[in-house]
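Right, one structure below, let's go through it.
The values are calculated or read from the model by the stated rules, or taken from the named source; none is laboratory data. It should be emphasised that the depicted structure is a prediction, and the values quoted were computed from it without experimental measurement. Ideal geometry is used to build each Cβ from the backbone, glycine not excepted, and the neighbour counts take in all protein chains shown.
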Amino acid sequence: MLFACGCCGADAFKKALAELRSDTSDVKYIVAAHPDVNPNALDLVVSGSGDADEMLTHFDSSQVMYGMLRETEKVEISTTTKFIFIKQVSACRAVDPDFYGVYTDQKF
């Protein structure tokens with residue numbers, strides 16, 4: 001079951017993140033990406049109530065994407081909540097060396 005989809009802007013992303021962190025919400029994951037390949041902006045792609053496998057179906061291998069998954073586990077009498085952060089870096093993406101920097105093993 002999906003709760004939001006598309007490039008929704010910062011407000012939708014913040015709302016989805018708050019729902020993910022809420023103990024009363026059905027949201028179990030969110031997926032975000034950089035709109036128009038802008039590294040200074042982040043938009044919500046989708047949020048949903050499924051498992052990790054469902055969340056991963058929304059990742060696009062041609063771009064950098066982020067996911068956060070909420071998992072709860074019952075340990076004796078306590079219920080623990082864990083948040084799992086996933087960052088996908090595309091192997092096909094061209095990197096602007098002036099913006100990101102370049103690592104080299106050249107000795108100076």
Exercise for review: Out of Lys74, Lys28, report the one residue that is surrounded by 12 or more Cβ atoms within 10 Å (Cβ to Cβ) and basic (Lys, Arg).
Suggested key: Lys28
Practice item. Please find, within the range 9-25, the residue that is modelled with the lowest pLDDT out of those that are among the acidic types (Asp, Glu) and closer than 21 Å to Ala41 by Cβ. Key: Asp11
Point to revise | Any chance Ser22 is under 14 Å from Phe83 (Cα atoms) and of a type in the set (S, T, N, Q) | key: yes
Exercise for review: Filter the range 54-71 down to the residues that are surrounded by fewer than 18 Cβ atoms within 10 Å (Cβ to Cβ) and under 23 Å from Ser22 (Cβ atoms), then identify the one that is farthest from the chain's Cα centre (by Cα).
Suggested key: Glu71
Practice item. Could you please find all residues in the range 31-53 being polar (S, T, N, Q) and either buried (at least 18 other Cβ atoms within 10 Å of the Cβ) or out of contact with any Lys or Arg (no Cβ under 7 Å at 6 or more places or on another chain) (or both)? Key: Asn38, Asn40, Ser47
